[in-house]
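K.L.:
For reference, the structure I am asking about is given below.
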Amino acid sequence: MDVKNKWDIIIVGAGPAGSAAGYTLAKKGFDVLILERGRQPGYKELFGGRVYAEPLKKIYGNELSGAPIHRWVKKEKLSFVDGNKLVSLEYQSDTSTSFTTYLPQLAKWMADKASEAGALLVEEVTVDRILYKDGKVVGVGSGPDEAYADLVIDAEGVNRLLLEGLGLVEKLKPEQVAIGAKETIKLGEDKINERFGLSKGEGMAWLLMGSITDYIPGGAFVYTNKDSVSIGLVLHLGHAIKEVKEHISQMVEKLRLHPQLRNLWIDGDIMEYGGHLTPEAGPAMMPKKLALNGLLITGDAGGLLLNVGYTIRGVDFAAYTGYLAAEAAIEAHEKGGFTESNLSVYEKKLRDSFVYKDLTRLTGMQDLYSDAKMFKALPKLAVGTASRVFEIGLETPGIWNSFTQARKEAGFGLFSLAWKGYKLMKKM
Amino acid sequence: MSQEQSKQDVKPMKIDDILQRDVWDVDLEPHITVDSSKCEKCPTKPCLYLCPAGCYVLAGNKVVFSYEGCVECGTCRVICPMNAITWHYPKSGKGIMFRFT
Ligand SMILES: Cc1cc2nc3c(=O)[nH]c(=O)nc-3n(C[C@H](O)[C@H](O)[C@H](O)COP(=O)(O)OP(=O)(O)OC[C@H]3O[C@@H](n4cnc5c(N)ncnc54)[C@H](O)[C@@H]3O)c2cc1C
Ligand code: SF4
Ligand code: SF4
């Protein structure tokens, strides 16, 4: 770290959380240093493919129109897959609240915004410790180098080695995270529009569950980018370590080659492949405190991500928590300094925002999605009913009879099904 | 798409071939080390299936680890039941460089 070594604020990680915090603080005139281990912001980033825009608009206002937005999602699709059959629910709209992108591109854009606002971004620095002295955080270290600050904002993402090093969290457990693996397939803009039934600039977000993950709780996703398609899987690690039967890359390949899907992209080329962890446990992964003397914890590092099965809100949550951390720091500074009691306004801001409200209200959904029995039975029920209704031979089966037969085959009692449905609706 | 095309023989690609699409600046020193004596006693070996980059493979009945293709996800660190893995990020700037993910 060949830079001066005393700052107002040091931010670890130029992901969505760190860059949003850096942008907000630098705009206010704080002396901000952002440290990023990658050669470029975004190089260590992988996600599914869709970002909800509203929280980002609150941070960036009209400037968001300059972001690397690939397509605005106007088509949503949810499919249950059982073997080679699938049943889908599709929603189409002429309005949109989310866009598709590559996270490395978006992260680079967000980091550039922070730099333009006056933050100093230094790449290729892997912070290996947070410095703690006399009851407060005083800076960070990387090998022989140390840099000091009145406040450190931890935005290091899901693996949070630094928080573990500080003793603020325990080592991650498989039950707390999910592994995602993804292929980006180059296809061409026109082909995507034709095959997915989209107009220029319009995108699709598609979630699939069932045999597509070998019934391991989690799901598969398909997102349309400008001229490529992102496809991949998310598997709850707690289940996957016990239930996985083949290499995860081969499971992604089966998604790519699925008989009902492959014609959408079979002539495309794989541009990139990768994997990343994502928080799964929500509140159960949160450190006891998110504000300490001289330290604020944001984004994935704080477990501040919402995964409700049909969608993940990670990027917008991370950016927004970075923004709230910055606002809290500004208030704490006005009150006289970055003490834990002054900074605790961050936790209050979180509680008052959609972040906490969603996290506490909707996390029961996660339990239901990770209910292995239900996870297997639902796709079988949906596909079983549909195949009976639609595959007409000589006799035309009634819908209720089809449903009853499929329900029995999937191993659901009528009452247990009604009960689970009720619980799900209540959570939603 | 024509019938012809959709009927073409479609086989899964092997992980080593898929990884040809990615870009790394590989560090000379490994950032992850595995105590292979522990692997011998490991009952489930989940790393063989869940390391997305296929860094853990069986050679005979031995688990062999190579760090070069690692995408730094952290999965092996979390799932290893024997605590056999010493895990760091690669040296500053080194390692995977995602562009389209
Ligand atoms: C498979 C998958 C699918 C997903 N799908 C979606 C989706 O469709 N939509 C969505 O909104 N979210 C999605 N997410 C979640 C989303 O990617 C994350 O929630 C979000 O990126 C978190 O942002 P962050 O800034 O907290 O952390 P990160 O994005 O992880 O950023 C952390 C940054 O810190 C850097 N860093 C880490 N440690 C150090 C260190 N010691 N020193 C210096 N730098 C360091 C990293 O290089 C990185 O740049 C998905 C995640 C996965 C894994
Ligand atoms: S999980 Fe750990 S102990 Fe088991 S084989 Fe893999 S590295 Fe070795
Ligand atoms: S960090 Fe991820 S990619 Fe690297 S060896 Fe471990 S599981 Fe494989």
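The values are calculated or read from the model by the stated rules, or taken from the named source; none is laboratory data. A quick note: this is a predicted structure, and the numbers were derived from the prediction, not measured. Backbone-built Cβ (ideal geometry, glycine too); neighbour counts: all protein chains shown.
K.L.:
For the range B:23-34, enumerate the residues that are within 13 Å of chain A (Cβ to nearest Cβ) and away from ligand 3 (no atom under 13 Å from the Cβ).
P.N.:
Matches in the range B:23-34: B:VAL23, B:ASP25.
K.L.:
Looking at the range A:172-218 only, could you name the residues that are over 20 Å from B:CYS76 (Cβ atoms), charged (D, E, K, R) and over 17 Å from the mean Cα position of the chain (by Cα)?
P.N.:
Correct list: A:LYS186, A:GLU189, A:ASP190, A:LYS191, A:GLU194, A:ARG195, A:LYS200, A:GLU202, A:ASP214.
Per-residue answers, yes or no, for (1) within 16 Å of ligand 3 (Cβ to nearest atom); (2) on the phi < 0 side of the Ramachandran plot:
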| position | (1), (2) |
| --- | --- |
| A:SER249 | yes, yes |
| A:HIS258 | no, yes |
| A:PRO287 | no, yes |
| A:GLY299 | no, no |
| A:GLY309 | no, no |
| A:ARG313 | no, yes |
| A:ALA319 | no, yes |
| A:GLU334 | no, yes |
| A:ASN342 | no, yes |
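K.L.:
So, in the range B:35-47, of the ones that are touching a strand residue (DSSP E or B) at 6+ places or on another chain (Cβ under 7 Å) and either more than 9 Å from ligand 2 (Cβ to nearest atom) or within 14 Å of chain A (Cβ to nearest Cβ) (or both), which residue ends up farthest from A:VAL252 (Cα to Cα)?
P.N.:
Once the filter is applied, the top-ranked residue is B:LYS45.
K.L.:
Go through B:VAL10, B:VAL63 for me and flag whichever is among the β-branched types (Val, Ile, Thr) and modelled with pLDDT under 95.
P.N.:
On inspection, the qualifying residue turns out to be B:VAL10.
K.L.:
When you go through A:THR321, A:THR278 one by one, which is the residue that is under 19 Å from A:ILE34 (Cβ atoms) and more than 16 Å from ligand 2 (Cβ to nearest atom)?
P.N.:
Working: A:THR278 fails: under 19 Å from A:ILE34 (Cβ atoms).
After applying the criteria, what remains is A:THR321.
K.L.:
With respect to A:VAL73, is the statement that it is in contact with a strand residue (DSSP E or B) (Cβ under 7 Å, 6 or more places away or on another chain) and more than 11 Å from ligand 1 (Cβ to nearest atom) true?
P.N.:
no
K.L.:
Additional query: Which condition number does A:LEU304 fail, the rest of (1) part of a helix (DSSP H, G or I); (2) surrounded by 19 or more Cβ atoms within 10 Å (Cβ to Cβ); (3) touching a residue at least 12 places away in the same chain (Cβ under 8 Å) being met?
P.N.:
For A:LEU304, the failing item is (1).
K.L.:
Quick one: in the range B:48-101, which of the residues that are charged (D, E, K, R) and at the interface with chain A (Cβ under 10 Å from one of its Cβ atoms) is surrounded by the fewest Cβ atoms within 10 Å (Cβ to Cβ)? Spell out the reasoning first.
P.N.:
Initially, the range B:48-101 is screened for residues charged (D, E, K, R), giving B:62, B:68, B:72, B:77, B:91, B:94, B:99.
Add one more test, that the residue is at the interface with chain A (Cβ under 10 Å from one of its Cβ atoms), and what stays is B:72, B:77, B:91, B:94, B:99.
Values: B:GLU72: 27, B:ARG77: 19, B:LYS91: 16, B:LYS94: 21, B:ARG99: 18.
Checking each candidate, the answer is B:LYS91.
K.L.:
To continue, here is another question. Among the numbered criteria (1) modelled with pLDDT of 95 or more; (2) within 16 Å of ligand 2 (Cβ to nearest atom); (3) exposed (fewer than 13 other Cβ atoms within 10 Å of the Cβ), which one does B:ASP17 miss?
P.N.:
The one condition B:ASP17 does not meet is (2).
K.L.:
So, one more: With a cut-off of at least 3 residues that are out of contact with any Asp or Glu (no Cβ under 6 Å at 6 or more places or on another chain), name the strands (runs of 3 or more DSSP E) lying wholly within the range A:1-107. Show your work before the answer.
P.N.:
Working: elements: A:6-12, A:32-35, A:50-52, A:71-82, A:85-92, A:98-100.
Because the criterion is at least 3 residues that are out of contact with any Asp or Glu (no Cβ under 6 Å at 6 or more places or on another chain), the strands (runs of 3 or more DSSP E) in the range A:1-107 that meet it are A:6-12, A:32-35, A:71-82, A:85-92, A:98-100.
K.L.:
Just need a number here: residues in the range A:363-398 that are at pLDDT 80 or above and of a type in the set (Ser, Thr, Tyr).
P.N.:
Looking only at that region, the number is 3.
K.L.:
Do we find a residue being of a type in the set (A, V, I, L, M, F, W, C) and within 30 Å of A:PRO287 (Cβ to Cβ) anywhere in the range A:371-386?
P.N.:
Yes, that holds for at least one residue.
K.L.:
Among A:LEU121, A:LEU161, which is the only one that is in contact with a Leu (Cβ under 9 Å, 6 or more places away or on another chain) and either away from every other protein chain (no Cβ under 14 Å) or surrounded by 16 or more Cβ atoms within 10 Å (Cβ to Cβ) (or both)?
P.N.:
Residue meeting the stated conditions: A:LEU121.
K.L.:
On to the next question. Give the residues of the range B:56-83 that are within 14 Å of ligand 2 (Cβ to nearest atom) and within 21 Å of A:ASP128 (Cα to Cα), sorted by residue number.
P.N.:
Restricting attention to the range B:56-83, the residues satisfying the condition of being within 14 Å of ligand 2 (Cβ to nearest atom) are B:56-67, B:70, B:74-83.
Across the range B:56-83, the qualifying residues are B:TYR67, B:CYS70, B:GLY74, B:THR75, B:CYS76, B:ARG77, B:VAL78, B:ASN83.
K.L.:
In the range A:254-299, how many are among the acidic types (Asp, Glu), farther than 19 Å from A:PRO174 by Cα and touching an Asp or Glu at 6+ places or on another chain (Cβ under 8 Å)? Let's see the steps before the verdict.
P.N.:
Kept after step one, since they are among the acidic types (Asp, Glu), are these residues of the range A:254-299: A:267, A:269, A:272, A:280.
The next check asks that each one be farther than 19 Å from A:PRO174 by Cα; those that pass are A:267, A:269, A:272.
Those left that are additionally touching an Asp or Glu at 6+ places or on another chain (Cβ under 8 Å): A:272.
So the answer is 1.
K.L.:
Now for a different question. Can you find, within the range B:36-60, the residue that is farthest from the chain's Cα centre (by Cα) among those that are part of a loop (DSSP other than H, G, I, E, B) and either farther than 23 Å from A:ALA240 by Cβ or among the aliphatic types (A, V, I, L, M) (or both)?
P.N.:
Once the filter is applied, the top-ranked residue is B:GLY60.
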